[in-house]
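Below you'll find the structure, written out as structure tokens, and then a few comments.
Every read-out reported here was derived from the displayed coordinates using simple, explicitly stated rules and does not represent laboratory data. Since the structure is predicted, the reported quantities are computational estimates derived from the model, not experimental observations. Here the Cβ positions follow ideal geometry from the backbone for every residue, glycine too, while neighbour counts run over all protein chains shown.
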Amino acid sequence: MGDEIIFYKKFKQILSIFIIVLILFSLVGTAAALPRNFIVIFEYDEDHYYKKSVPRFTVMSEIEAPEKEGYIFGGWYLDPACTEPYDFSQPVTEGFYLFPKWIPENEIEELSPENFVAEENSPSGYTSPISSNALAVILAAALVVCFGASYFFSKRGRSK
């Protein structure tokens with residue numbers, strides 16, 4: 001009976017290693033099938049565009065801001081309606097188009113302290129980008145994940 005338990009444990013270990021190797025090979029095979037570079041197309045208007053070749057999974061630098069008479073450049077967007085801004089701090093994982101947002105010069109308000117919303121409890125009087133409630137939720141979620149992982153691994157170690 002003791003030999004059967006040892007055989008079963010060895011079988012589980014070999015099976016686990018086999019599954020991990022299989023997963024690694026599938027990931028490497030998928031990565032090898034992807035192109036080395038992705039093409040990002042900056043579309044200035046219907047007739048003008050710029051193609052940029054970006055090595056896969058690297059962060060792309062922003063190109064020089066385009067100019068259009070009577071307008072101010074408002075950033076690059078993933079959709080022609082300019083509702084989804086592109087985040088240049090994220091790695092490029094596929095090819096895509098970017099569209100410029102053009103803001104008429106007569107619609108730009110001058111920046112001044114009166115244009116900001118004040119918060120009552122803020123020391124400076126201006127709104128912070130992350131509210132204290134959102135920060136508390138993020139920290140609580142991180143703690144739950146950490147404690148859950150440590151509980152899982154401690155129970156797993158005792159079952160041997």
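Quick look at the values:
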| read-out | value |
| --- | --- |
| Qualifying positions in segment 46-77 - surrounded by 11 or more Cβ atoms within 10 Å (Cβ to Cβ) and touching a helix residue (DSSP H, G or I) at 6+ places or on another chain (Cβ under 7 Å) | Tyr71, Ile72 |
| Positions within segment 79-110 being assigned to a loop (DSSP other than H, G, I, E, B) and over 14 Å from the mean Cα position of the chain (by Cα), in sequence order | Asp79, Pro80, Ala81, Cys82, Thr83, Gly95, Ile108, Glu109, Glu110 |
